[in-house]
1. Out of curiosity, is residue A:58 crowded, with 20+ Cβ neighbours inside 10 Å, part of a helix (DSSP H, G or I), within 8 Å of chain B (Cβ to nearest Cβ) and within 16 Å of DNA strand C (Cβ to nearest atom)?
2. Quick check: is even one residue across region A:117-136 in a helix (DSSP H, G or I), at pLDDT below 95 and out of contact with any Phe, Trp or Tyr (no Cβ under 6 Å at 6 or more places or on another chain)?
3. Working only within region B:130-147, note down all residues that are within 21 Å of the chain's Cα centre (by Cα) and either touching a residue at least 40 places away in the same chain (Cβ under 8 Å) or under 12 Å from residue B:205 (Cβ atoms) (or both).
4. For the list (1) away from every other protein chain (no Cβ under 11 Å); (2) charged (D, E, K, R); (3) closer than 24 Å to residue A:191 by Cα, I need the number of the one condition that residue A:110 fails.
5. Applying the selection to region A:61-79, what residues are more than 14 Å from every other protein chain (Cβ to nearest Cβ) and near DNA strand C (Cβ under 8 Å from one of its atoms)?
6. Considering (1) without any contact (Cβ under 8 Å) to a residue 24 or more places away in the chain; (2) closer than 23 Å to residue B:81 by Cα; (3) more than 16 Å from DNA strand C (Cβ to nearest atom); (4) part of a helix (DSSP H, G or I), say which one residue A:82 fails and leave the rest.
7. Out of all the residues in region B:140-173, which are outside any helix (DSSP H, G or I) and either within 14 Å of another protein chain (Cβ to nearest Cβ) or crowded, with 16+ Cβ neighbours inside 10 Å (or both)?
8. Can you pull out the residues in region B:24-35 that are surrounded by fewer than 16 Cβ atoms within 10 Å (Cβ to Cβ) and outside any loop (DSSP other than H, G, I, E, B)?
Protein chains: 2
Amino acid sequence: MSLDGLPHHRGGAEALARLLARALLAGRWQPGDAFPRELDLCTHFAVSRNQVRNALASLTATGLIERTAGRGSRVREVSEWHLLDPLISDWMTGIESLDPKLVREIFAFRYSAEPVLARLAAQAAEEADLERLEAAFHGMTRTAASPEARNQHVEYDVAFHDAIYRASHNLVWRQMGHLLRPSIIALIQGSQAQVHRFHDGLDDSLTRHGRVLEAIRRHAPDAAERAAREVLRRTAIDLGIVTDTHPVIASATEPES
Amino acid sequence: MSLDGLPHHRGGAEALARLLARALLAGRWQPGDAFPRELDLCTHFAVSRNQVRNALASLTATGLIERTAGRGSRVREVSEWHLLDPLISDWMTGIESLDPKLVREIFAFRYSAEPVLARLAAQAAEEADLERLEAAFHGMTRTAASPEARNQHVEYDVAFHDAIYRASHNLVWRQMGHLLRPSIIALIQGSQAQVHRFHDGLDDSLTRHGRVLEAIRRHAPDAAERAAREVLRRTAIDLGIVTDTHPVIASATEPES
DNA sequence: GCCTATTAAATGTCTGACATTTTGGCAAGC
DNA sequence: GCTTGCCAAAATGTCAGACATTTAATAGGC
């Protein structure tokens, strides 16, 4: 596989790794293909072998490629990629068209996890957490009216969810929030792409977010859990995953013995 | 901070990284402390600067340390560690003295997440999942009697939890299960280190696991959620995080308005 | 035809020198 | 006395070249 078409780059090994990684994520090479040799990369990008080796080390660390002495470098199967690795999350930022199947998977995770997370936040939130939440919510209400401030609105929305992850005061949950951040951005952008949200849906979304904030401020775990589930239900509607009348996500009904 | 007490090592940069990482995870240095310089590491371990640099590159990639030209290397805050990185998961395997603070954090996550996970598993489990669960549970009961089969018992216990993660049939949860696997091993080993477990605690643990399996087989989400919480309560007791009479983990009681 | 020794190619490793960044000290000047 | 500027020391970052090791292919001998 040649290197034709790849742009030149500025900066050190990190920039080179990012460039190559995005080419891989975009499908420039297929799994199993041979990856260019070190020396070819050196000449093509006009960098030292050290830079190339550092960049390739990042690619192997994230499971994108596999290197063996004497044989060369090969692209690994997609299932082997460490999709939750912070490096990959970073490289993914700015990629718009996510796989719909992936969207459903990630949303299903959030739908099961974030209500519990909101419960934790209601139990553990401190003053600084409440301030972050309120700042984000205030920003959301401010930018809700004007459709031209859509990007800002998304940012505040993401900040709101991130603040909940942080308010849990648990290391692992915070990591999850960090790792899922790009996916959450994609989900929110996808949900806002629906036109009908800008007529009546946005107000509804705002009130549901507000109820979460209020429950966390009151330190009411049960209420926070319910409110968070309502927020995600709204998102599901906007994403087209469920309709108001026909929920696809399994409900709480249960066939006890 | 000196290097006294650290064992020598065999093998390449990976082994050195593992050694240093385990020392970090065990709390040998505090966040903010200065990490030994490259040349000191070279002389102490009698390896080339290349090996040291490769090892330190892994430590920075996982967020354990932070390096700046001219200033040296410093230990980062625990909240900055990429606890879900496969490398860290790998380094955690077989570690005996995990930082107690870290144990609490990971356990707190599992205590909040796995009940919901069990609920998902009860909804989505298929035949293959049930077979995995039953095989693991059967192995646990078989190896429970003889204390010399402790390692096998741990393996079956881990397999049981892993099977639950898989049964959720969600991509993100499965990745979580894979990443948390070493931590779960460490937690289980830690819980079994308590002597009293081998008198009456082990039977109790077995019955609680059995209730989870039964609920999942009946596709009863609520029961599965309750049963999973009971399993973790047992683990908490064995870990010494809570006592039977004085739970430290926040309960479900709630001061609604 | 099969096994083996050789060779070529690619990644891995070592070494020494040099570059860059940070920090602290020291001294001149206001 | 305080600031400013410069220089030197220390630590990490980078480079270039040679060499080692692994892998795969290939030619040769039986």
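The values are calculated or read from the model by the stated rules, or taken from the named source; none is laboratory data. Since the structure is predicted, the reported quantities are computational estimates derived from the model, not experimental observations. Every residue, glycine among them, receives a Cβ derived from its backbone with ideal geometry; neighbour counts consider all protein chains shown.
1. Yes, satisfied.
2. No, region A:117-136 contains no residue that is in a helix (DSSP H, G or I), at pLDDT below 95 and out of contact with any Phe, Trp or Tyr (no Cβ under 6 Å at 6 or more places or on another chain).
3. Once the filter is applied, which keeps residues that are within 21 Å of the chain's Cα centre (by Cα) and either touching a residue at least 40 places away in the same chain (Cβ under 8 Å) or under 12 Å from residue B:205 (Cβ atoms) (or both), region B:130-147 yields B:133, B:137, B:140.
4. (1) is the only condition that residue A:110 fails.
5. Selection gives A:68, A:70, A:71, A:72, A:73.
6. So the condition that residue A:82 fails would be (4).
7. Answer for region B:140-173, where residues must be outside any helix (DSSP H, G or I) and either within 14 Å of another protein chain (Cβ to nearest Cβ) or crowded, with 16+ Cβ neighbours inside 10 Å (or both): B:168, B:169, B:170.
8. Within region B:24-35, B:34 is the sole residue that qualifies.
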